[in-house]
1. Let me check I've understood the local charge: for residue 866, count other residues with C-beta under 13 angstrom from its C-beta, Lys and Arg +1, Asp and Glu -1. What total comes out?
2. Among the trypsin sites (Lys or Arg not before Pro) within region 565-599, which fall in a DSSP loop and have no more than 14 other Cβ atoms within 10 Å of their own Cβ?
3. Rounded if a/c is under 1.5, else prolate if a/b is larger than b/c, else oblate: which is region 581-627, with a ≥ b ≥ c the root eigenvalues of its Cα gyration tensor?
4. With Cβ to Cβ distances under 14 Å as the rule, what net charge do the other residues near residue 674 carry (K, R +1; D, E -1)?
5. Taking only protein heavy atoms and a 1.4 Å probe, what accessible area per residue, in Å², does region 551-601 have with all protein chains in place?
6. Report, by chain and number, residues whose modeled amide H sits under 5 Å from the one on residue 349, excluding near sequence neighbours (fewer than 5 apart, same chain).
7. Keeping every protein chain present and rolling a 1.4 Å probe, give me the accessible area per residue for region 337-467 in Å².
8. Can you pick out the pairs among 489/881; 346/489; 628/728; 447/498 whose Cα atoms lie more than 19 Å from each other?
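The values are calculated or read from the model by the stated rules, or taken from the named source; none is laboratory data. Every value quoted in this text rests on a predicted model; they were computed, and no experiment measured them. As a convention, Cβ positions derive from the backbone with ideal geometry for all residues, glycine included, and neighbour counts pool all protein chains shown. When the accessible area is computed, the model is the full protein with side chains, heavy atoms only, and any ligands, DNA or RNA have been set aside. Shrake-Rupley method; radii C 1.70, N 1.55, O 1.52, S 1.80 Å.
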Amino acid sequence: MGTDKQPVGILDTINMETVRTILTHTYPYPHEHSRHAIIAVAVGCLFFISSDNMHTLIQKLDKNIKWWSIYACLLGFFYFFSSPFVGKTIKPSYSNFSRWYIAWILVAALYHLPSFQSMGVDMRMNLSLFLTIFISSIFVLLVFHLVFLGLWYIGLVSRVAGRRPEILTILQNCAVLSVACCVFYSHCGNHALNEKPFGRKDSGLFSLWRKGERSSLVAKFLKMYEFKDEVCKSWFAPVGCARDYPLLSKWVIYGEFSCSGPCESSDEISPIYSLWATLIGLYIANYVVERSTGTSADMFKTVFDLLVSVTVFVGRFDMRMMQAAMSGGHEVAKQEDFLYDHFSEKDDFWFDFMADTGDGGNSSYSVARLLAQPSLHACNDDSVIKLHRGNLLLIGGDLAYPNPSSFNYEKRFFRPFEYALQPPSWYREGHIAVNKPELPSGVSELKQYDGPQCFVIPGNHDWFDGLQTFMRYICHKSWLGGWLMPQKKSYFALQLPKGWWVFGLDLALHCDIDSYQFKFFTDLIQEKVKENDSVIVMTHEPNWILDWYWNDVTGKNVSHLICDYLKGRCKLRLAGDLHHYMRHSCVSSENPVNVQHLLVNGCGGAFLHPTHVFTDFKKAYGTTYENKAAYPSVQDSSRIALGNILKFRKKNWQFDFIGGFIYFILTFSMFPLCKLDHILQDDTISGHMRSFFSTVWDAFMYMIGQSYVSSVGAMLLLVAAISFVPSKVSRKRKVVIGVMHVSAHLAAALVLMLLMELGYHTLYQWYRSVESEHFPDPTGLRARMEQWTFGLYPACIKYLMSAFDVPEVMAVTRTNICKNGMVSLSRGGAIIYYASVFLYFWVFSTPVVSLIFGSYLYICINWLHLHFDEAFSSLRIANYKSFTRFHIRQDGNLEVFTLAVDKVPKEWKLDLDWDNEVNRRMS
């Protein structure tokens, strides 16, 4: 038998068809215009901020480092929470929720930090203005949409207008519109810009710089704020005056002015209102043009996109027994359903092996497209080897993940192969093959068919439904793309040229063959397999290496078949299940060798498995083996595992739903922590740290001694952590590993709780005290509105701000609890308090719990060689795919080539010869 040829790379130019139908997300993001509006607002913010006197900000920075440390921690936590959704959309419902949720509580948190005002930014003013404009915008747009739908209903506008707008789109548009107005107010104010110039004196630092100007570029930069004033005055100035809009209340279009004594009605228009009305008008214009005419209205669309518009088993019977019973006997002469010898007379024979296609998409399609190529060229030192497409394709199980449903088989297994090599024109997707083999017209027997053929064994995932889907899609269908499937049962024997055989065994969920299958193969060996023949035993699971890893013994019938019946004729054991490539060859010895080579290649399309965990495997069947090849390499495999620390949450954002909740349960009974002033009173950093961790320890002792909910939660987490440790290690080591794992989580939860308790005025009270200054009401309309609405108007403003101002709810309730105890709270008040705490604590804890759990997996996989399945499946690595190509030469030797793809392509180009493949193959 020849050795593995390990090519440097594939030289053949492979044109691959663009296939987007199998890769398109089921839930496309519906608000593509939002990012344009957000970019426009962000650019505007950067322009206005950069144009201000930056040295003023620097001079006003608070010298107390603790608050700036809190700023950094806040921004870091919120960034890590949002990082999985930056630049992409995962399940629009969750992505959008995360973005707006984070924006809400981040601004609220920053708003409450005491040193924030030292930056010269009035967040409270923007906050109240934002709420006012946001609610007003929603009301105006909802009224507009109702009126427009009414016009559509009576037939005054086009039918396309009947498509209802997304409510989330309206909310996003209103939010971005409000942000734009707040940015304008922060940097331009609310003066009547067309009458009052914006004058500003240079500060001392800039004055010195201007005296020593050396270049016009520096001069222009230093005058940037003057340019900003010109932008505010010229571009955003109100259009006209109040006399031009007699139908509008002057309360909403006044400009800021001051007066002593009675004030007369102003004729000035608020620039904020002017900007708001302009943006609302652009929205309405764009919507009307698109819905009424059915055209894109490019001019309106471009402007609007830029400024405003903001995704368990069936029974317990063994299907193999049913197959044997349906075959009508077990004599070899009658086993046409299991034995296929139509390849035995071929002269030059090529065949391929792949396994674990399960995930579908780019990875499975990449391998299938390479298998479909008429030939591939590979480098071997200085020579080029031409590798012909296999006459036979062997697939080693696990055809679809996670369960063998019809949808998964069709989309994740059949679809990539059909796109890689199209089936014949007469193929029908729903056709059931009753009499196999169903040969093309003009072909009378299977020996005459010259196209590629495919045989498949089931894996453990294919057995999850009792093999029903496998039987329906493999044994009762004739085509896998362009590969003919003559197979009738789940196990088979193939007689190949030059005395080679392939035994495809079905291990089911028992990791072994049943007695009927054992009898079929033993009879076949005794009556058909000659003394000098060579056998390849193909199974789904590589029990030789898994038994070593788990210190177990499985597949006794398979071992009995190989050792006591084949007696050295098994040249190669072939399997998948582990999603990597490893080949072990026997070490020369005087003892008889039952199996010469052991090969695992499960890189057909599923996630990657490590190789460095199995480097110490050396013995099986009483024979010593050495590792000849591994892909990815042991060094690369160990390096890839580092991704658990950095990418765990990004790849497994679903973990959010349990991680933060677990941490909250661990700390639930300890909220709130009173008397924390001593932590910040020390003058040294080391003193702060000692007080901090001393308080953490006190909280832990309180949890152990007095807390019920938290202590029970910690015990349940400990039991789960110990149970999660693989049974490969002893019970004592499982306890140690579980305790250390839970200790890390518990320590992190307590530290986060204390950090959150350290940082905590009432927004509405402030708003009522300054609204007359910032929002004058010269006509007295506000007071009349309060009277007309029986107090509803101020109540709405109050509760809207309270809904935003979650930190105030926590701070007020916390103070009440610390003074009067928990009994002073009503049940409803306690629910509101803990819900408010959870809103923040969930965000803080979610990235941390993922970081610790990912670090746990990294330590286990690289240092302890545990959790090899969990640690790599969590990374969802689509790269490192491969298949194995075999060549039976004229002299009877078997050449083995393994071809690998380091990085799976995500973009494809059309293969112009793809349509001609069927005619070329059938001619």
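1. On the way: positive: 728, 733, 734; negative: 869, 870.
With Lys, Arg at +1 and Asp, Glu at -1, the neighbours total +1.
2. Details: sites: 567, 569, 571, 573, 583; in loops: 567, 569.
Answer by residue number: 567.
3. Prolate, because a/c is 1.5 or more and a/b exceeds b/c.
4. Values: positive: 675, 814, 819; negative: 677, 698, 757.
Local charge sum for residue 674: 0.
5. 39
6. 888
7. On the way: 4730 Å² over 131 residues.
Per residue, region 337-467 has an accessible area of 36 Å².
8. 489/881; 346/489; 628/728
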